[in-house]
Amino acid sequence: MNNIQNNTNNNTKANWVDVVWYLSDTKYLTEERLEELKATFNSVIVATPEHTPLMTTQKVIWHQYEAEKPKASVWNAMLNKGTNAWKMFLQDDEFLRVPDLDASIAGNTKEWPATLIIHRGSEKNYQYYQMRLVHNFEGFTFDGVNLPDATRSIINNDISLSNVPVEIIATRNPNAELDIEEELSVANNAPQLFIENGYRLFKAKKYIHAAAQYRQLANSDMVLPFDRLSALNGIASCHAEMFRWDQALVAADHSIAEDSFQNLPYLIKFKVSQLNKEWEEAYMSLKKYYENTFYERIKLHSRANYDVRITIDETLISLVDLAFKAGYLEEASEHLEELFDLKEGNLEDKLVQQLLVLSIELEDFEKSEFYFKKLFAGKFPKHLTEKETNQLNDYMEMFIKHGWFETVYEVYSELHYHYPQNDEFRRRLIVTLVKTGRLEQARNLASKVA
C-alpha cells in the first residue's frame, strides 16, 4: 500500500469537488486516510455500513447505510450531500491521483473526465474505466444495483467525455464481486455489466457465450466509447481463441479503426500472426503496441475498458525473438539494448550472448568489445569452464573475420600468460601475432611449441 500512497500524497487542493468515500467494510477506514481526504477536498462524505466511528468530524459528513442497500442507491443518496455539485466517488482502499483533478474540469459541466482504474496484477496490468467523477444536475441518477452506472444520464443529456481521465490505483478489479444475475434483475442495468460477464465467460473458456455478451454491447446505442472498444476487443479475442484467425484480425482492425491508441487489438494481431508464423506482421503489431505503451508511460492512456498491458521485459524479449525471425537484425539489437539498459546491465548470459553476436554481425566493434567483456566479466581469464572457453574461441574467430586483431591478441596474450602450457591458447596467440605484424614474437613462440 505504501507505493499506492506515494502516488497520491501531495498538497493539491480540489475545493470545487466533494469526495464520497464508500466503504463496504470499516476495516478500510483509517484516521490517516480520512485526514488526507479532508486536506484535499471541500467536504468528505463517508458512507459506511456501521455506526459512525468516534473520529474527528470536522468537514466530514457521516452516512450509515443498511448493509443490504444496493450500492447505486447509496451513491444516489450521496449526490445531494456536501457543498459541491461535482462529486468524486472512491471505494474502500482505492487511491486517487489528486493532481488529475484540475480546476478547469469544474468549468465545463457538459464534458466529464472518465475515471481510469488501474489494477496492478502480478504479470499484467489491467485497466478499467468507470464514471466516478460526476456533476449532479437535476434528473441525474446512477443506474444499476451494485455497479453504479452513469451511461444513460450521460448519453441522454449530450454529455461528452474529455480526453484526459482521472486516475485511481486499485488493488483489484472493481467489478470482481458483482452478482451478474442480481444486476440483470433491474431494467436500467449497467452496459459495462455485459463486459464483465463476457470477461468471466472468456476466462472460463466459454468463448461463444462470451462473444454473445460482447456483441450485445457492441450493437447497442446506449454505450460509452471506452465500453464499446472493450466489446470490440472482446469479440476479436474470442475469435482468436477459437482459431478463427481471419475474423479475429478483422475485428481487431475494426477496433483500431475506431481508436488506434489502445493495446489489446495489437496484442491480438501479434498473437494471431505469431501462431501463423507470419513473423513480419507479428513484429509490426507488437512494435505498435510497444510504441503505445511508451506514450502511456507519460500519461497518454488507452481509451479502451478492460485493456491490458504486459510487462516491458516480456514485450522486449518477444520483439527480439520476432525481429530475429523476420531478419531485422538492427531492430533486434536495438530492443536488446533497451532491455540491457532497463535491467541496468543485469541480463542473463544468453541475452548478452545475443547482443554480442548481433554487434559482431552489424560490425560494431565498440559494442562487440563491450559485450564480450560483459559476458566474461569475473570469469576471464582464470575461471573459464570448458564450455565458456569454447564460446570465447568462437567469438574470437568472429573478431578475426572482421579484422579486429588487436583485441584477439590481447585476449590470447592474457590466456597464454596464465596458461603457458595450453597449446591451444599458444597456437591462437601465434596466429594473432602474425595478423598484428608481430612476426618476431610469433617465431619465438612457435619455436617453443616445436
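The values are calculated or read from the model by the stated rules, or taken from the named source; none is laboratory data. Note that the structure is predicted; figures quoted are calculated from it, not measured. Because the Cβ atoms are built from the backbone with ideal geometry, glycine has one as well, and the counts that use them run over all protein chains shown. In case anyone asks, the SASA skips ligands and DNA or RNA and just uses the protein heavy atoms, side chains included. Shrake-Rupley method; radii C 1.70, N 1.55, O 1.52, S 1.80 Å.
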Long-range amide H partners of Leu147 with built H, under 5 Å: Ala72
Carbon plus sulfur fraction of accessible area for the chain, probe 1.4 Å, in percent: 48
Those aspartates and glutamates that a straight Cα-Cα span of less than 14 Å connects to Lys325, excepting residues fewer than 8 apart in one chain: Glu278, Glu280, Glu281
How big is the C-alpha Rg of the stretch 405-449 next to the rule-of-thumb value 2.2 N^0.38 Å, as a ratio? 0.99
To make sure I understand the rule: partners must be lysines, Cα under 27 Å from the Cα of Lys71, and not fewer than 8 residues away in the same chain. Which ones qualify? Lys27, Lys38, Lys59, Lys81, Lys87, Lys110, Lys203
Determine the principal axes of the Cα atoms in the stretch 256-359, then give the extent along each, sorted from largest to smallest and rounded to whole angstroms. 42, 31, 18
List the aspartates and glutamates whose Cα sits under 17 Å from the Cα of Lys277, skipping any in the same chain fewer than 8 residues away. Glu241, Asp246, Asp321
Would you mind checking which residues have amide H under 5 Å from Tyr22's amide H? H placed 1.01 Å from N; only 5 or more apart, or other chain. Ala47, Leu90, Gln91, Asp92
Which of the peptides 93-103, 125-135 is most tightly packed, and how do the rest follow, judged by the mean count of other Cβ atoms within 10 Å per residue? 125-135, 93-103
Overall form of the stretch 89-227 per C-alpha gyration tensor (a/c, 1.5; a/b vs b/c): oblate
Loop only by DSSP, 12 or fewer other Cβ within 10 Å of the Cβ. Give me the GluC sites (Glu not before Pro) in the stretch 173-264 that pass, ordered by residue number. Glu177
Using alpha-carbon coordinates alone, the radius of gyration and Dmax of the stretch 322-407 in Å work out to 12.9, 39
Quarter of Cα convex hull surface for the chain, i.e. mean projection, nm²: 27.8
How big is the dipole moment of the chain about its Cα centre under a simple scheme where the beta carbon of each Lys and Arg is +1, that of each Asp and Glu is -1, and everything else is neutral? Debye, nearest 20, please. 540
Using the reciprocal of the averaged 1/r over all distinct C-alpha pairs, how large is the Kirkwood radius of the stretch 180-249 in Å? 12.1
If you roll a 1.4 Å probe over the heavy atoms of the protein chains, what accessible area per residue do you get for the chain, in Å²? 49
Sort 154-164, 340-350 by packing, meaning the average of other beta carbons within 10 Å per residue, with the highest value first. 154-164, 340-350
Calculate for the chain the 222 nm mean residue ellipticity that helices alone would give, adding -39,500 (n - 2.57) per DSSP H run of length 4 or more and normalising by residue count, nearest 500 deg cm²/dmol. -15500 deg cm²/dmol
